[in-house]
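What follows is one structure encoded as C-alpha cells, with my remarks underneath.
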Amino acid sequence: MLDKENVIKVAKLAKLQLSEDEVEIFSKQLPNILKFIEKLEELETDNILPFYELIEKPSPMREDTPQSGLSQEEALANAPEAENGFFVVPRVVDKD
C-alpha cells in the first residue's frame with residue numbers, strides 16, 4: 001500500500017517537490033497505477049515481435065530554398081528590451 005510517506009519518498013527519489021494536496025492525490029492514484037502495471041505484466045508477450053515501421057517510403061521533403069529573413073528592426077520589434085540593435089537579457093554569468 002502506498003501511504004503518504006511512500007509517496008513523499010518516491011517524489012524525493014525522483015527529485016520532485018510535491019505540495020500536500022499533490023501528495024494526497026498521488027497517494028490515492030498510485031495504487032491504481034501499480035495495479036494496472038501488474039495486470040500488464042500478466043500478458044503473454046513472448047511471441048510478439050516489437051513494432052517496426054514497415055513502410056519503406058521515404059519521408060516527403062520539401063526543396064531547401066533560401067529565403068529572406070527578418071530585418072534587425074523586425075527581429076527586435078517585440079523584444080521586451082533592446083539596446084544598440086541587440087536584445088537586452090539578464091546577466092547569467094558572474095563578472096568574476
Proximal lysines relative to K12, as straight alpha-carbon distance under 24 Å, when same-chain residues fewer than 8 apart are discounted: K4, K28, K35
Interatomic Cα distance distribution for the chain, bins of 5 angstrom, percent: 2, 8, 9, 7, 6, 6, 8, 10, 12, 14, 11, 6, 1, 0
Debye, to nearest 20: dipole size of the chain, +1 on Lys, Arg Cβ, -1 on Asp, Glu Cβ: 240
C-alpha long axis of helix 20-41 to longest principal axis of the chain, angle in °: 60
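Read-outs throughout are calculated quantities, based only on the coordinates presented, and are distinct from any laboratory measurement. Owing to the predicted nature of the structure, the values given are computational and were not obtained by experimental measurement. With ideal geometry, Cβ positions are generated from the backbone for all residues, glycine too; neighbour counts draw on all protein chains shown.
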